[in-house]
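The values are calculated or read from the model by the stated rules, or taken from the named source; none is laboratory data. This one's a predicted model, so the numbers in the text were calculated from it and none came from an experiment. Don't worry about glycine lacking a Cβ; one is built from the backbone with ideal geometry, like all the others, and counts go over all protein chains shown. Please note that ligands, DNA and RNA were not included when accessible areas were found on the heavy atoms of the full protein model with its side chains. Shrake-Rupley method; radii C 1.70, N 1.55, O 1.52, S 1.80 Å.
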Amino acid sequence: MTDAKKELLNILLAKSIKTGHFILASGKESDLYCDCRVTALDARGANLIGQVGWDLVQEEILPKFPGVTSIGGMTMGADPISLAIGMYSVEADEPLKVFTVRKEAKDHGRGKRIEGNFEAGQEVIVVDDVITTGGSTLKAIDAIEAEGGKVVAALVLVDRQEGGREAIESRGIPVFPMFTRATIFGDK
């Protein structure tokens, strides 16, 4: 594990990851709670997410999917992560374009569901802060595909290893986590 990844893990453990008994948004009970927004909205945490995430994109995603041009996901959890990685990509020949997916299309203006630097036909990486069941990531994938984007990979800050990865990968979209429950707690 790189020094940046170790430091990011320490911030996640200090700010975002809690153990105990929790009821999740899905209604499931869990002994693990992850509020990654606290880390992603911390200046040092965001910088490290950008660095570790961009390394992951360069080392694992772009070699498999060299046509990727954009990165984004469902607001709010994906927003700071996508932007941090996009900012780290600025030195690349083709920096990543960053976008966000609204939960619903706006009812005014241009009525857009996807905001930012997104165009139909782009190959994109969908982002999420945490995956549990994969539900919010799958909603973002559906919205991106409905607008003509081609989701080729999913990047997630924390995979809780509770079935979400499998649900996303059953759609033919590989998941690339920065951390898993196992790596957070030293199981792997």
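Values as computed for the structure displayed
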{"read-out": "Ranked by how many other beta carbons lie within 10 Å on average, peptides 39-46, 58-65 from highest", "value": "39-46, 58-65"}
{"read-out": "Over 25 Å between alpha carbons, listed pairs Lys97/Lys150; Lys5/Lys28; Lys28/Lys139; Lys5/Lys139", "value": "Lys5/Lys28; Lys5/Lys139"}
{"read-out": "Fraction of accessible area attributable to carbon and sulfur, the chain (%, probe 1.4 Å)", "value": "50"}
{"read-out": "Assigned charges on the beta-carbon of Lys, Arg, Asp, Glu; the chain dipole about Cα centre (debye)", "value": "400"}
{"read-out": "Peptide ranges 76-83, 165-172 listed from the most packed, as the mean C-beta count within 10 angstrom indicates", "value": "76-83, 165-172"}
{"read-out": "The chain - accessible surface per residue (Å², probe 1.4 Å)", "value": "48"}
{"read-out": "Sequence-separation-based contact order of the chain, relative, with Cα cut under 8 Å and 6+ spacing, percent", "value": "16"}
{"read-out": "Phi-based couplings in Hz for segment 70-76 (Karplus 6.51, -1.76, 1.60; Gly and Pro marked x)", "value": "9, 9, x, x, 5, 5, 10"}
